[in-house]
Each structure stands twice: as C-alpha cells, then as structure tokens.
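Q: Take a look at the following structure, please.
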Amino acid sequence: ESIKTVLGSPENRILIKRMLIKCADISNPCRPIEQCIEWAGRISEEYFAQTDEERRQGLPVVMPVFDRNTCSIPKSQLSFIDYFIIDMFHAWDEFADLPNLMEHLNNNIKYWKGLDGRNLRGLRPPPE
C-alpha cells in the first residue's frame with residue numbers, strides 16, 4: 001500500500017527512475033564477489049591511466065589517490081562503499097527488499113576489509 005502511495009505521483013515515479021539509474025551506475029559493490037573484483041580492477045585501471053596521462057601532460061592530477069604505485073584498491077573500494085553505496089542501497093533495500101544485493105554488498109565489504117586488514121593493496125591476496 002505504501003509503494004502505491006509513493007508511486008502515485010508522476011514526480012515520484014521520475015525520482016524513483018532516476019534513483020534506479022544511479023544505483024545501476026554505481027552498483028558494482030552489490031555484485032557477486034568475482035564480478036565485483038573484476039570490475040573494481042577495470043575501474044581502478046581506468047583511473048590509474050587517467051592519473052598517468054595527467055602527469056605525463058603536466059596537468060593537475062584530479063584523483064591523486066589513484067597513483068598506481070601507491071594506491072590501495074581495497075581502501076579505495078571501502079571508501080567508495082562508505083561514501084556512496086551504504087546509505088543509498090540500505091534505503092533502496094527498505095523500499096524494494098533486495099536481500100541478494102545486500103548479501104553481495106556485505107560479502108564484498110568483508111572481502112575488501114580482509115585485504116585491507118592485511119595491508120594488501122591489490123585486488124586479490126597473494127597465492128599461498
């Protein structure tokens with residue numbers, strides 16, 4: 001009944017559609033762990049390349065944290081999750097009940113915290 005109320009006005013429907021698009025855009029931490037790791041690597045490499053190119057051209061570095069020689073991918077993922085993902089997806093879960101996404105999110109947080117707790121900077125732990 002409350003969903004019908006929320007969806008009742010055209011303005012609310014537009015807002016929900018915009019939220020869905022934003023959530024889809026930044027949803028990597030809510031994917032299964034292997035997909036999350038793969039895309040975290042791709043995104044990090046894109047940012048590393050941007051930082052490399054800015055330095056090569058003598059431009060101001062927009063994201064200095066993405067220096068490929070010093071960046072901690074686990075820390076960057078945890079910061080992204082804390083800043084953008086947690087509140088948005090918890091709110092979305094309250095509205096639409098998304099247990100699978102929330103389970104993936106919790107698993108991914110544990111994964112990145114585990115790497116960070118071992119002071120690892122890469123996508124995966126070293127082979128044993």
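Bear in mind these aren't lab numbers, they're just calculated from the coordinates by the rules spelled out. Here the structure is a predicted model, which means the values were calculated and not measured. Because the Cβ atoms are built from the backbone with ideal geometry, glycine has one as well, and the counts that use them run over all protein chains shown.
Q: Where the convex hull is taken over the Cα atoms of region 14-128, what is its projected area averaged over directions, in nm²? Display every interim value, and only then the final one.
A: Values: hull surface 34.2 nm².
It is 8.5 nm².
Q: If the cut-off is a Cα-Cα distance under 20 Å, which lysines reach LYS17, setting aside same-chain residues fewer than 8 apart in sequence?
A: Within the straight-line limit of under 20 Å, LYS17 reaches these lysines: LYS4.
Q: On a 0 to 90 degree scale, rounded to 10, what angle separates helix 33-56 from the longest Cα axis of the chain?
A: Tilt of helix 33-56: around 60 degrees.
Q: Given Cα pairs under 8 Å that are at least 6 residues apart, what percent is the relative contact order of region 28-117? List each step's numbers first, then the result.
A: Details: 65 pairs, mean separation 37.4, N = 90.
Across region 28-117, relative contact order equals 42 percent.
Q: How big is the charge dipole of the chain about its Cα centre, in debye rounded to the nearest 20, if each Lys and Arg gets +1 on its Cβ and each Asp and Glu gets -1 on its Cβ?
A: On the way: 16 positive and 19 negative charges, 34 e Å.
Roughly 160 debye, rounded to the nearest 20.
Q: Going by average Cβ neighbours within 10 Å, how do the peptides 6-12, 83-89 rank, with the highest at the top?
A: Working: 6-12: 10.3, 83-89: 14.3.
Going from most to least packed, we get 83-89, 6-12.
Q: What is the angle, in °, between the Cα long axis of helix 99-117 and the longest principal axis of the Cα atoms in the chain? Nearest 10 is fine, range 0 to 90.
A: That works out to roughly 20 degrees.
Q: Straight-line reach from LYS113: which aspartates and glutamates have Cα under 15 Å away, leaving out those fewer than 8 places along the same chain?
A: ASP82
Q: Using the beta-carbon distance between ARG55 and HIS90 and R0 = 35 Å, what value does 1/(1 + (r/R0)^6) give for FRET efficiency, to the nearest 0.05?
A: Numbers: r = 38 Å, r/R0 = 1.07.
Working from the Cβ atoms, E equals 0.40.
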